[in-house]
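Colleague: Quick one: the structure is below, questions incoming.
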Amino acid sequence: MIICKVVGNVWATRKKDELSGEKLMVVQRLDIEEKGSDEIFVAVDCVGAGIGEQVLVTTGSSARMALRNHEAPVDAAIVGIIDEVQAQVR
């Protein structure tokens, strides 16, 4: 899983039927010190996240499993909203 911050929304009136009703969010990958990286991508929101929140994102086939739709053309999904991160960095 990847720690990210939600930085925006995506509206797409025309998309694959498997994505109908799904909320698409723009997320920015964060490092352990909560600094944003240059990596920004779109993830399907499975948990009702909002802009500015830190989230857990899963990628690959796990993202489709989170959606419970193995046919959806998805490679990133927001699966959790982070309350707090505690880590020791060397």
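The values are calculated or read from the model by the stated rules, or taken from the named source; none is laboratory data. Because the structure is predicted, anything quoted here is derived from the model rather than measured. Every residue, glycine among them, receives a Cβ derived from its backbone with ideal geometry; neighbour counts consider all protein chains shown. Side chains included, ligands, DNA and RNA excluded: accessible areas come from the protein's heavy atoms. Shrake-Rupley method; radii C 1.70, N 1.55, O 1.52, S 1.80 Å.
Colleague: Using the crude model of +1 on Lys and Arg Cβ and -1 on Asp and Glu Cβ, and no other charge, please compute the dipole size for the chain relative to its Cα centre, in debye to 20.
Modeller: 220 debye
Colleague: Let me see the P(r) profile for the chain: every Cα-Cα distance counted, bins of 10 Å, each bin given as a percent of all pairs.
Modeller: For the chain, the pair-distance distribution reads 18, 50, 26, 6, 1.
Colleague: Using r as the Cβ-Cβ distance of Thr13 and Met65, and R0 as 25 Å, what FRET efficiency do you calculate, to the nearest 0.05?
Modeller: 0.40
Colleague: Run lengths n ≥ 4 of DSSP H only: what is the helix-derived mean residue ellipticity at 222 nm for the chain, with -39500 (n - 2.57) per run over all residues, to the nearest 500?
Modeller: -2000 deg cm²/dmol
Colleague: Let me ask something additional. Work out the charge dipole of the chain with +1 on the Cβ of Lys and Arg and -1 on the Cβ of Asp and Glu about the Cα centre, then indicate which of Ala43, Ile2, Ala72 is farthest towards its positive end.
Modeller: Going by the Cα projections, it comes out as Ala72.
Colleague: Defining a contact as two alpha carbons under 8 Å apart and six or more residues distant in sequence, what relative contact order in percent does the chain show?
Modeller: Relative contact order comes out at 30 percent.
Colleague: Heavy atoms only, 1.4 Å probe, whole protein assembly: order Met65, Met1 by accessible area, highest first.
Modeller: Met1, Met65
Colleague: Enumerate the lysines that Lys23 could reach by cross-link, defined here as Cα to Cα under 20 Å, with residues fewer than 8 away along the same chain left out.
Modeller: Filter leaves Lys5, Lys15.
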